[in-house]
Amino acid sequence: MRVAVLSDIHANMPALEASVRAAGGVDGIWHLGDVVGYGPAPDQVVARLQELGVTGVRGNHDAAAIGGPEIDWFNPDARRAMEWTRNSISPSTRAWLTGLPPTAILDECSLVHGSPRDPMWEYITSVPVARANLAALGTRIGLHGHTHVPMAWIEEDGSVDVVGPGDGSILELRGRRALVNPGSVGQPRDGDPRAAFLILDTEKDSISWHRVSYDIQAVQEAMRSAGLPATLVARLDSGS
Ligand code: ZN
């Protein structure tokens, strides 16, 4: 089975469409939360994900969008964008976001937004944090997002190997346990502005990371007309 794994789409419709197109023929699409927030098209993105029949989990922005106290942890720009999101989403978008579980287990994979031990909030950005979360992981593979940076943390003879993948990088897991991050579809933060996603091939036990260009200007224009913060508009150019 080949599965496209998308995370942190952040209401960016052109980035979602480009990623789905680039993923090509897959047997399924999984998402790791933060479907909304920051971007100008929450209703369109949720409708498209429903149409695609995706399976996924709730991120901190999704929780905030449906009225959760998570908004109190946001920086001023994220908070402004979230207030806009709260006021603009339709009842059906709200219902769909409300139905997202904090974690999901599919085949040998756990899906979380942040980390296995703290699904909503923890950022996996260091070996000690990765090691603790590999210990907490109830399945062989943990798929997570939240940092907006593509990465893999692989358990190898008691140590943790780190992989920072680029476009086209392939990781052969060969039965090893790992935490794997596809990067962000809608707001990359690793210095590459292209949308990021990964393909998991369960038969080959391999992961490939991909980057795809999309119409950044179209999203920026929609963000400006929605009155979303200028810093959020600008950061899409640099992917940082
Ligand atoms: Zn996010």
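Numbers for the structure displayed
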item: The stretch 7-33, residues that are more than 16 Å from the ligand (Cβ to nearest atom), touching a residue at least 60 places away in the same chain (Cβ under 8 Å) and of a type in the set (Val, Ile, Thr); result: Val26
item: Count of the stretch 46-67 residues which are within 19 Å of Leu111 (Cα to Cα), outside any loop (DSSP other than H, G, I, E, B) and either touching a residue at least 60 places away in the same chain (Cβ under 8 Å) or not acidic (Asp, Glu) (or both); result: 9
item: Test: residue in the stretch 137-147 that is exposed (fewer than 15 other Cβ atoms within 10 Å of the Cβ) and more than 16 Å from the ligand (Cβ to nearest atom); result: yes
item: His146, sole failed condition from (1) assigned to a loop (DSSP other than H, G, I, E, B); (2) more than 18 Å from the chain's Cα centre (by Cα); result: (2)
item: Residue in the stretch 228-237 that is over 19 Å from the mean Cα position of the chain (by Cα), of a type in the set (A, V, I, L, M) and within 16 Å of the ligand (Cβ to nearest atom) present; result: yes
item: Test: residue in the stretch 213-235 that is assigned to a strand (DSSP E or B) and not hydroxyl-bearing (Ser, Thr, Tyr); result: no
item: Matching residues, the stretch 68-108, being small (Gly, Ala, Ser) and part of a helix (DSSP H, G or I); result: Ala78, Ala81, Ser88, Ser92, Ala95
item: Which numbered condition Thr202 misses (of (1) closer than 20 Å to Cys109 by Cβ; (2) touching a strand residue (DSSP E or B) at 6+ places or on another chain (Cβ under 6 Å)); result: (2)
item: Selected residue (criterion: nearest to the chain's Cα centre (by Cα)) from residues of the stretch 158-185 that are in a strand (DSSP E or B) and more than 23 Å from Ala18 (Cβ to Cβ); result: Leu179
item: Checklist (1) touching a Phe, Trp or Tyr at 6+ places or on another chain (Cβ under 8 Å); (2) loosely packed, with under 15 Cβ neighbours inside 10 Å; (3) not hydroxyl-bearing (Ser, Thr, Tyr) applied to Ile124, failing item; result: (2)
item: Those residues of the stretch 1-39 which are buried (at least 20 other Cβ atoms within 10 Å of the Cβ), in a loop (DSSP other than H, G, I, E, B) and in contact with an Asp or Glu (Cβ under 9 Å, 6 or more places away or on another chain), in sequence order; result: Ser7, Asp8, Ile9, His10, Ala11, Leu32, Gly33, Asp34, Val35, Val36, Gly37, Tyr38
item: Filter result for the condition that a residue is touching a residue at least 12 places away in the same chain (Cβ under 8 Å), among the hydroxyl-bearing types (Ser, Thr, Tyr) and either within 16 Å of the ligand (Cβ to nearest atom) or out of contact with any Ser or Thr (no Cβ under 8 Å at 6 or more places or on another chain) (or both), over Ser169, Ser159, Ser184; result: Ser184
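Quick note: the coordinates plus some simple rules give every number you see, no bench work behind them. Since the model is a prediction, treat every value here as computed from it, not as a measurement. No Cβ is skipped: glycine too gets one built from the backbone with ideal geometry, and neighbour counts run over all protein chains shown.
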